[in-house]
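First the structure, in the form of structure tokens, and then the observations on it.
Every number in this text was worked out from the coordinates using simple rules, so none of it is lab data. Note that this is a predicted model, so its numbers are computed, not measured. Every residue, glycine among them, receives a Cβ derived from its backbone with ideal geometry; neighbour counts consider all protein chains shown.
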Amino acid sequence: MRYIFILNPTAGKKNPYNTIFPAIQQYFDENGLECVCHITEKPGHATEVVKMEGAKGDSVRFFAIGGDGTLSETAAGAIGQKNVEVGVIPCGSGNDYIKTFGKPEDFLSIDRQLKAKSQTVDMIRSGDRLSINLCSIGLDAKVAYNMVSFKKVPFISGSMAYDFALLRTLLGRIGDQLEITIDGVKKYEGNYLFALAGSGKYYGGGYCGAPKAIPNDGLLDFILIKKPPLNQIPALIPIYKAGGHITSEKFKDILIFCRGKRMKVKAVKPAIANFDGDCHFIDKVEFEVIPNSVNFIVPV
């Protein structure tokens, strides 16, 4: 088994090569093991490394040292490679994907990581973009877009950055005219706060957007929320954050929940879409599940 670490030097508040990797290297040295560390230099670099090293055909484990974005890029390179397993040493601002599986301290233990088994999980394809956790379009994507500037402030955590970005977003224009089609059959049209496609449960530093999502069921959970009166939104936010929106009476008239394999969204005016925290302006987008496509390491 080969062990390769893919480290994002900009993840978190301090370079993890100086704060986290020394302990990992020490563990390998003390146990007579070898590992290689690649430091990412550009967007997509992690994907390139995984494809190149995985193509050698032997058993190899990649560990993304970073946040959800680094994990997403690493997993994107592993799709369809049965000899490749992907894990994560979480040190980003949100670290949301792992919350579907367990506690952060389990993933921070290199001993538990090396002894852990992997399980297949689904990925999400959006054209040439690949995601492992959650994608969306609308208000929550705007929040992720605005969150970037707050993440750079030293004393602000991932969840705090999301809350500040949410406040900034609510002070601007909210709601997008969307045309939504699910699996080519179910069609919706109107003014929506956002439309979400989830394989994992959490995003935005702890918001449980897709509370019933199962990462390896071959389906995506689709959450559509219509735009409510502005004065109702503050009361809805804590319910949504806790994952109570699917069953809450307060969401009854504005929420649509279903599962499927593909959701196509067309925006009347350009809107912001979120792909595991990577945000772009689009006028149309598609979120499609790639079932059981990556071996994800889950420490217990």
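Values computed for the structure shown
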read-out	value
Kirkwood Rh and Cα Rg combined as Rg over Rh, evaluated for the range 2-131	0.93
Among S118, S248, S93: highest mean-square fluctuation, GNM of the chain, C-alpha pairs under 10 Å	S248
Of K142/K186; K226/K261; K99/K284, those spanning more than 27 Å from alpha-carbon to alpha-carbon	K99/K284
Volume of the Cα convex hull of the range 134-289, divided per residue and given in Å³	104 Å³
Top positive-direction residue, dipole computed over the chain with Cβ charges, set G94, L230, F63	L230
Reachable aspartates and glutamates from K187, criterion Cα separation under 15 angstrom, eight or more residues apart if same chain	E179, E286
19 Å Cα-Cα reach of K42 towards aspartates and glutamates, excluding residues that sit fewer than 8 places from it in its own chain	E53, D68, E73, D128, D276, D278
All aspartates and glutamates inside 12 Å of K117 as judged from Cα atoms, apart from same-chain residues fewer than 8 positions distant	E85
Two-site label geometry, E179 and N15: point separation in nm, points 7 Å out along Cα→Cβ	5.0 nm
Alpha-carbon Rg with Dmax, taken over the range 27-102, Å	12.7, 33
Viscosity 1.002 mPa s, temperature 20 °C, Stokes-Einstein D of the range 224-268 from Kirkwood C-alpha radius, µm²/s	180 µm²/s
Across K82/K115; K227/K266; K82/K201, pairs whose alpha-carbon gap is larger than 23 Å	K82/K201
Neighbour-count order for Y192, Y97, fewest beta carbons within 10 angstrom listed first	Y192, Y97
Nonlocal amide H pairs with I290, under 5 Å, H built at 1.01 Å	M123, I124, R125
With Cα atoms, 0 to 90° folded angle of helix 158-170 axis to the chain main axis	20 degrees
Charge dipole of the range 257-300 about the Cα centre (unit charges at C-beta), most positive-ward option of F281, V300, C258	C258
Inverse mean reciprocal Cα-Cα distance (Kirkwood Rh) of the chain, Å	19.5 Å
Kirkwood-Stokes translational diffusion coefficient of the range 54-96, alpha-carbon pairs, 20 °C, 1.002 mPa s, µm²/s	202 µm²/s
Counting DSSP beta bridges with both ends in the chain, the antiparallel % (nearest 5)	75 percent
Under the Karplus curve 6.51 cos²θ - 1.76 cosθ + 1.60, θ = phi - 60°, whole-Hz ³J(HN,Hα) for the range 102-119, x wherever Gly or Pro sits	x, 8, x, 5, 5, 7, 7, 8, 5, 4, 5, 4, 6, 8, 6, 9, 10, 9
Helical contribution to [θ] at 222 nm, DSSP H n ≥ 4, -39,500 (n - 2.57), averaged over the chain, rounded to 500	-7500 deg cm²/dmol
